[in-house]
Structures are given as C-alpha cells and as structure tokens.
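Novice: Below is one structure. I have some questions about it.
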Amino acid sequence: MPPTSPPAARVSQLDTLRGNEQRQEYTARKITALTINPGCHRRAVLDAAGIDKGRLAERLGHPAPFGQSPFAITRQRAFEEQLKANGYAELITLLRAELGVPIEEARVADLNSAWESEGLGVRAAETRNLLGAIAKDDDARVILDHPVLTLDVAGTTAHLVPDAVSHRVGDRLYVVVIRSFAAVDGRADANSVAEAAKQAAVYVLALRSVLRTLGADPALVADRFLLVLPRDFTNRPYGRLVDLRQQLDAVQYQLSRLDRAEEAAAALSAGATLDLSTGTSTERLTRTVDELPHLYGPRCLDMCELSHHCREEARRTRDPARLGAVVRDALPGLADTTTAHHLALGQRRPAPEQEEVVTQLARAAQLRARRRAAGGAA
Ligand code: SF4
C-alpha cells in the first residue's frame with residue numbers, strides 16, 4: 001500500500017507537543033535506530049514529533065555524546081565536493097568500473113544548493129517530477145543530487161535525502177551513499193559499512209515507495225547500492241556495489257512493526273509538552289518523557305541521544321532489560337531484578353505465573369554453584 005498522509009488533527013497533536021521549536025526531520029540514521037528498537041514508543045514519539053533529542057537529553061540532565069565531530073563533517077563535505085565535480089565524473093567512472101558496462105555522460109539535477117531557499121515539500125515535488133520522467137525513460141540520463149524522498153514511518157511522513165541517485169544504468173537506478181571512512185586495500189570497517197547499508201536500505205525503500213505512488217515499477221531501483229569511500233586515506237574515491245537484500249527485508253519488516261506514533265502521543269495526559277523553549281520547566285519535560293513507554297537495553301547507548309536518561313530510569317526501577325535482551329527474555333513477568341533475586345534465594349513465594357521462571361532461576365543457581373565448586377569462574 002502506498003503511504004498516505006496522516007490525518008491533519010493527529011499530526012497537529014505531535015506538533016503541539018513540540019511547541020515553538022523547529023521540527024527536526026527524520027533521517028535514515030534515525031529510522032534505522034527506530035527499527036532496531038521498534039517497541040520503544042518514547043523514541044517513536046520523539047522522532048515523529050521532530051524533537052531535538054540531544055537538547056532534550058541536556059535539559060533532562062543526562063546528555064549523551066552523539067553525532068559527528070566537526071573534523072569528520074568537514075572531511076565528509078570536502079570528499080563529497082570532489083566526487084561531484086565535473087558533473088559527477090568520478091561517480092560515473094565508479095559505476096562503469098563496478099558494472100562493467102559502458103556508461104555515457106549524464107547530466108546532474110541538483111536538488112540541494114539550487115533549491116536551498118525552498119522547503120523539503122517543494123524539493124520532494126520536484127524529485128517526483130524528475131523520477132516520473134526517469135521512470136518513463138524520458139530523462140534517463142539524469143543523476144539526482146540530494147533528491148528528497150518520502151516514506152511513511154510510524155504513521156508520519158519522513159523526508160529523506162540520500163547523497164545521490166544514479167542515472168539509469170542497465171535499466172536500474174542505484175542509491176549512492178558517500179562516506180568519509182577509508183577503504184584500505186579495498187577493505188573498510190565492517191561496522192561502518194553495515195551502518196551505511198542499513199541507511200541505504202531506508203533510501204531504497206523510500207525511492208521504491210515514491211515510484212509506486214507514481215504508478216511506476218519499484219523494481220527499477222536496484223537492490224544494491226554504490227558505497228563511495230576515500231581510497232587508502234587519500235582523497236581518491238573507491239566505490240563498491242553492496243548487496244542490500246537482507247537489509248531491505250529486515251528494515252521493511254521492522255518498519256511494519258512500528259506502532260503509530262500519534263496514538264502513543266494521544267495517550268499522554270493533558271498538559272504534556274516537549275517544548276524545549278526556555279519557559280518549560282525541566283520537571284514538566286521529565287514528566288512527559290517518563291510517561292512515554294520505553295524499552296531500554298544496552299544497545300540504546302550506541303544509537304539514542306536519550307540513552308543516559310533511560311539508563312538511569314532502568315537502574316532506578318531495577319528493570320531487567322538494562323542487562324540486555326537475554327536477561328529480559330529470561331525473566332518474563334518479573335518487573336525488577338530485586339524480585340528475581342528474592343525468588344531465586346527462596347526469600348519470596350512466587351505467584352503461579354512466576355513458577356516457571358523460578359524453576360529456571362533455581363537451575364541456573366545450581367549450575368553456578370557446581371561450577372564454583374569445581375573451581376571455574378562463576
Ligand atoms: S534510549 Fe530510551 S528513548 Fe532511546 S531507544 Fe532506548 S529506551 Fe527508547
């Protein structure tokens with residue numbers, strides 16, 4: 001089903017929550033983080049409402065270090081500029097090398113600097129026009145520089161801006177992701193490549209979604225993307241087509257599991273606000289955040305600006321999830337680790353629905369005792 005615009009009244013509820021603050025748009029990084037923890041309504045609402053989570057974490061007294069350093073941003077920008085010089089000549093060369101097909105000159109439609117004064121909605125409309133022409137093969141030789149794509153995320157419309165979409169090559173379009181971490185002897189950091197691939201999968205899904213709304217074939221978008229990196233710490237580009245099939249399935253499945261953010265927002269009590277303008281007290285912000293159901297786990301520390309706040313809450317409430325998904329799943333029906341401890345030591349009678357967990361805990365305690373007796377590490 002193509003995404004539909006959410007009802008105006010519901011969107012305005014998320015807008016009301018944000019108050020006077022400027023909306024922070026979705027990014028592919030935010031969406032991949034959402035799909036890693038689809039059960040967290042807190043993050044879903046904050047992102048759908050466009051809240052600046054970094055500033056919110058500061059106001060709550062638990063800032064977490066996130067984002068690229070100014071040095072990394074400058075390096076990325078310089079590398080991108082070089083790659084895009086002369087009508088994306090480097091990109092065209094890389095595609096030719098990777099696909100082994102002759103690729104002629106192409107022109108570039110700049111949807112970034114040329115449209116700086118326009119909003120994302122205007123840029124998205126122009127992107128649709130261009131994609132419509134490309135899909136009909138009327139303008140197949142055009143590379144889209146920073147097109148604006150739309151995707152339905154948790155019931156709201158996300159505007160996403162990939163670095164580029166290639167011209168038609170062998171009747172396929174390729175999403176292009178430019179990163180500034182190096183490929184040394186053709187090898188790059190595996191975690192960074194995996195992160196880039198997840199983000200590319202989001203762009204591919206968005207591109208296919210736009211094509212679908214145009215009545216065009218979404219299969220026009222390749223299920224591989226071109227990753228462009230600096231070669232061997234120089235500024236020369238290295239390009240590699242990366243298979244995305246697994247990531248596409250995973251991201252699509254997780255997106256389908258996201259609950260509608262505006263429904264979670266509607267459940268907040270009257271007077272709830274996430275307006276970061278100076279007049280809002282920290283107590284009020286904390287109350288609103290704490291009202292939103294969350295699902296903290298150690299992975300949050302790598303992907304969410306609010307992780308230090310949620311970790312403090314998990315510690316305070318002795319939430320088993322703070323020790324990871326394995327512990328959380330091993331203790332169903334137990335709200336805190338203190339209860340688990342008391343049950344394991346026989347200091348508390350289990351409720352009928354807790355008996356199975358208690359049996360497992362007793363077995364684990366026996367195993368631990370045996371290992372200790374045998375001189376092994378506990
Ligand atoms: S840190 Fe908090 S808000 Fe962010 S994903 Fe984890 S539980 Fe959700």
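Novice: Could you tell me whether segment 155-212 comes out rounded, prolate or oblate from its Cα gyration tensor? Rule is a ≥ b ≥ c as square roots of the eigenvalues, rounded for a/c under 1.5, then prolate if a/b exceeds b/c, otherwise oblate.
Specialist: Values: a/c = 2.72, a/b = 1.50, b/c = 1.81.
Oblate, since a/c reaches 1.5 and b/c is not below a/b.
Novice: By how many degrees, 0 to 90 and rounded to 10, does the Cα axis of helix 282-291 deviate from the longest principal axis of the chain?
Specialist: The two axes meet at around 90 degrees.
Novice: To continue, here is another question. Amide H neighbours of Leu173 under 5 Å, counting only residues 5+ apart in sequence or on other chains, H built in-plane at 1.01 Å?
Specialist: The list, which skips near neighbours in sequence, is Val221, Ala222.
Novice: Now a separate question. Compute the distance from the alpha-carbon center of segment 170-204 to that of segment 82-105, in whole Å.
Specialist: 16
Novice: Same structure again: Using the Cα gyration tensor of the chain, with a ≥ b ≥ c the square roots of its eigenvalues, what is the shape: rounded (a/c below 1.5), prolate (a/b larger than b/c) or oblate (neither)?
Specialist: Values: a/c = 2.21, a/b = 1.62, b/c = 1.37.
Prolate.
Novice: Nothing charged except the Cβ atoms of Lys and Arg (+1) and of Asp and Glu (-1): what's the magnitude of the dipole of segment 215-318 about its Cα centre? Round to the nearest 20 debye.
Specialist: On the way: 14 positive and 16 negative charges, 91 e Å.
With only Lys, Arg, Asp and Glu charged at Cβ, the dipole is about 440 debye.
Novice: Using a 1.4 Å probe, what is the accessible area per residue for the chain, in Å²?
Specialist: Details: 19140 Å² over 378 residues.
With the other protein chains kept in place, the chain gives 51 Å² per residue.
Novice: 222 nm [θ] for the chain, helices only, -39500 (n - 2.57) per DSSP H run of 4+, per residue, to 500?
Specialist: On the way: 15 runs with 182 residues, N = 378.
Helices in the chain give a 222 nm mean residue ellipticity of -15000 deg cm²/dmol.
Novice: Could you work out which residue, out of Pro237, Pro162, Pro350, moves most in a Gaussian network model of the chain, that is, has the largest mean-square fluctuation with Cα springs under 10 Å?
Specialist: Sorting by GNM fluctuation, first place goes to Pro350.
Novice: Once neighbouring chains are kept in place and the probe is 1.4 Å, which whole percent of the accessible area of segment 331-373 is contributed by carbon and sulfur?
Specialist: On the way: 1670 of 3250 Å².
The computed percentage sits at 51.
Novice: From the square roots a ≥ b ≥ c of the eigenvalues of the alpha-carbon gyration tensor of segment 331-373, which class results: rounded (a/c under 1.5), prolate (a/b over b/c), or oblate? Kindly include the intermediate steps, with their values, before the conclusion.
Specialist: Working: a/c = 2.15, a/b = 1.93, b/c = 1.11.
Prolate, because a/c is 1.5 or more and a/b exceeds b/c.
Novice: Another question, then. Springs between alpha-carbon pairs under 10 angstrom, Gaussian network model over the chain: which of Arg363, Arg123, Arg29 fluctuates most?
Specialist: Largest GNM mean-square fluctuation: Arg363.
Novice: If we count GluC sites (Glu not before Pro) as exposed when they sit in a DSSP loop and have at most 14 other beta carbons within 10 Å, what is the longest stretch of the chain that avoids them all? Can you show the working numbers first?
Specialist: Numbers: sites that count: Glu25, Glu104, Glu105, Glu116, Glu118.
By the stated rule (loop sites, at most 14 other Cβ atoms within 10 Å), 119-378.
Novice: How big is the charge dipole of segment 331-373 about its Cα centre, in debye rounded to the nearest 20, if each Lys and Arg gets +1 on its Cβ and each Asp and Glu gets -1 on its Cβ? Walk me through the numbers before you get to the answer.
Specialist: Values: 7 positive and 4 negative charges, 86 e Å.
With Lys and Arg at +1 and Asp and Glu at -1, about 420 debye.
Novice: Going by amide H atoms built from the backbone, whose H comes under 5 Å of the H on Val148, apart from near neighbours?
Specialist: Residues meeting the criterion, in which the H sits 1.01 Å from N, are Thr127.
Novice: Can you give me the C-alpha center-to-center distance between segment 229-269 and segment 108-151, rounded to a whole angstrom?
Specialist: Cα centroid to Cα centroid, the span is 21 Å.
Novice: In segment 1-319, with Lys and Arg counted as +1 and Asp and Glu as -1 at Cβ, which of these residues, Ala78, Thr282, Leu111, has the Cα nearest the positive end of the dipole, that is, farthest along it?
Specialist: Thr282
Novice: Next question, about the same structure. In segment 9-81, if every C-alpha pair distance is counted and binned at 5 Å from zero, what percent goes to each bin?
Specialist: Taking all Cα pairs of segment 9-81, the binned fractions are 3, 14, 17, 22, 21, 11, 8, 4, 1 percent.
Novice: Give me the angle, in degrees from 0 to 90, between the Cα long axis of helix 245-257 and the longest principal axis of the Cα atoms of the chain, rounded to the nearest 10.
Specialist: 60
Novice: Given +1 on the Cβ of Lys and Arg, -1 on the Cβ of Asp and Glu, and no further charges, what dipole in debye does segment 1-319 carry about its Cα centre, rounded to the nearest 20? Mind showing how you got there, number by number?
Specialist: On the way: 40 positive and 43 negative charges, 117 e Å.
Approximately 560 debye in magnitude.
Novice: Charges on Cβ only, +1 for Lys and Arg, -1 for Asp and Glu, centred on the Cα centroid of the chain; of Gly271, Leu120, His294, which one is farthest towards the dipole's positive end?
Specialist: Going by the charge dipole, the pick is His294.
The values are calculated or read from the model by the stated rules, or taken from the named source; none is laboratory data. Remember, it's a predicted structure, so these values are computed and weren't measured experimentally. With ideal geometry, Cβ positions are generated from the backbone for all residues, glycine too; neighbour counts draw on all protein chains shown. Quick note on the areas: whole protein, heavy atoms, side chains included, nothing else; ligands and nucleic acids left out. Shrake-Rupley method; radii C 1.70, N 1.55, O 1.52, S 1.80 Å.
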